[in-house]
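Just below is one structure, and these are the notes that go with it.
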Amino acid sequence: MADKRAIISPKETANTPAIISTSTAIPNNKERGYWQIQNLGTNPLFILLGTGASTSVFHAVLKGGTGNDDGLGGSWGQNSGLIFTGPITVAGTSPRYTITEL
């Protein structure tokens, strides 16, 4: 059984999963307790904690898979400690990704 003392703010609901291609992956959410982005495409996906992601302004780059939705694309997120609650944007050639937000 997990040590519940380590859980800062338990969440009971998650976002509805979808394959996304827009530049704003996750809007502001002051209640966010966890987030993760996985690249579902074959091209690199550039992630910025904030607005205005580009291929030259980013915090992380996620590798693409060998084919769409093959599970080999990179992922990145925050699940403990200080969690970024502002907008998260992406850039790249034909972005294709999914997010999890709690």
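Just so it is clear, none of the values below were taken in a lab; they were calculated from the coordinates. Keep in mind the model is a prediction, meaning the values are calculated, not measured. Note that we place each Cβ from the backbone using ideal geometry, even for glycine, and neighbour counts take in every protein chain shown.
Contact map, the range 59-74: first residue under 18 Å from L48 (Cβ atoms), second residue of a type in the set (F, W, Y), Cβ cut-off under 7 Å, separation 6 or more or different chains; pairs are A60/W76; V61/F46; L62/W76. Selection of the range 12-21 for residues being part of a loop (DSSP other than H, G, I, E, B) and in contact (Cβ under 8 Å) with a residue 40 or more places away in the chain yields T13, A14, N15, P17, A18, I19, S21. Tell me which residues, restricted to the range 79-96, are surrounded by 11 or more Cβ atoms within 10 Å (Cβ to Cβ) and on the phi > 0 side of the Ramachandran plot. Correct list: G92, S94.
Here T55 fulfils each of the conditions (1) outside any strand (DSSP E or B); (2) under 24 Å from A14 (Cα atoms); (3) among the hydroxyl-bearing types (S, T, Y) apart from (2). Of the residues making up the range 58-74, just one is surrounded by 18 or more Cβ atoms within 10 Å (Cβ to Cβ) and not in a loop (DSSP other than H, G, I, E, B), namely L62.
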